[in-house]
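Right, one structure below, let's go through it.
The values are calculated or read from the model by the stated rules, or taken from the named source; none is laboratory data. Worth saying up front: this structure is predicted, and the values here are computed from it rather than measured. With ideal geometry, Cβ positions are generated from the backbone for all residues, glycine too; neighbour counts draw on all protein chains shown.
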Amino acid sequence: MKVLIVDDDALIRESLKLLLDMEEDIEVVGTASNGQEAFDICKEERPDVVLMDIRMPVMDGVLGTKLIKGSLKDVKVMILTTFKDDEYIREAIKNGAEGYILKNQSSDSIIDCLRAVYKGNAVFQKDIADALTSMMEKEKRKKPDIDLTLRETEIMRLISEGLSNKEISAKLYLSEGTIRNYVTALLEKLELRDRTQLAIYYLKNFG
């Protein structure tokens, strides 16, 4: 897994690089101090996952995420920040971030989250998931008038919990191909882009 580290604090960048370089399955392909630098490096290095801070000079992580996801759709972005402001969370996810965790995590937890995002899972720290749920409650959105089966709802719930297709197939005793077909059908039915949006949709409407 190729990772790009983005943070305006040089000490944090170097600390994260030292930490990740110790893992056999992780290669740090670069570091950046703002969203613009991150975008420029992504165009050259094509990392698998960008570990992105939020509040940075020149260009923040929200806009950096938007640029990266807008033109490099295979590059995944996981937010790693000290900020859990509702607006940051909402905008980062709206712009395509696959994960959002806080810097108060243990090093092992950060690495586990990176690997989960790399595998295609949506990763939200409990504090962030709680904030998302709170935001959705405040918006008081009604459940959409879309007919979903119990199985479809169950699969969305498991996606929202961060399970991969393989893990869901084992849990539900269905083939991995069947789960993939369910996910594809759900994305089309709900007019959503990816698993992250499915997870958010579930939390909004059924969480």
Does residue 149 satisfy the condition of being at pLDDT 80 or above, β-branched (Val, Ile, Thr) and either over 24 Å from residue 9 (Cβ atoms) or outside the structural domain of residue 199 (by TED's automatic domain parsing) (or both)? yes
Filtered residue count, segment 29-40, keeping only those that are closer than 16 Å to residue 60 by Cβ, touching a residue at least 12 places away in the same chain (Cβ under 8 Å) and out of contact with any Pro (no Cβ under 7 Å at 6 or more places or on another chain): 7
Checked pairs for segment 173-194, first in the same structural domain as residue 163 (by TED's automatic domain parsing), second assigned to a helix (DSSP H, G or I) and of a type in the set (Val, Ile, Thr), C-beta under 8 Å and 6 or more apart or across chains, list as 174/168; 179/155; 179/168; 182/155; 183/155; 183/159; 186/155
Suppose the filter is surrounded by 15 or more Cβ atoms within 10 Å (Cβ to Cβ), closer than 24 Å to residue 195 by Cα and touching a residue at least 24 places away in the same chain (Cβ under 8 Å); does residue 26 pass it? yes
Can you find a residue in segment 132-140 that is under 14 Å from the mean Cα position of the chain (by Cα), of a type in the set (A, V, I, L, M) and at pLDDT below 75? yes
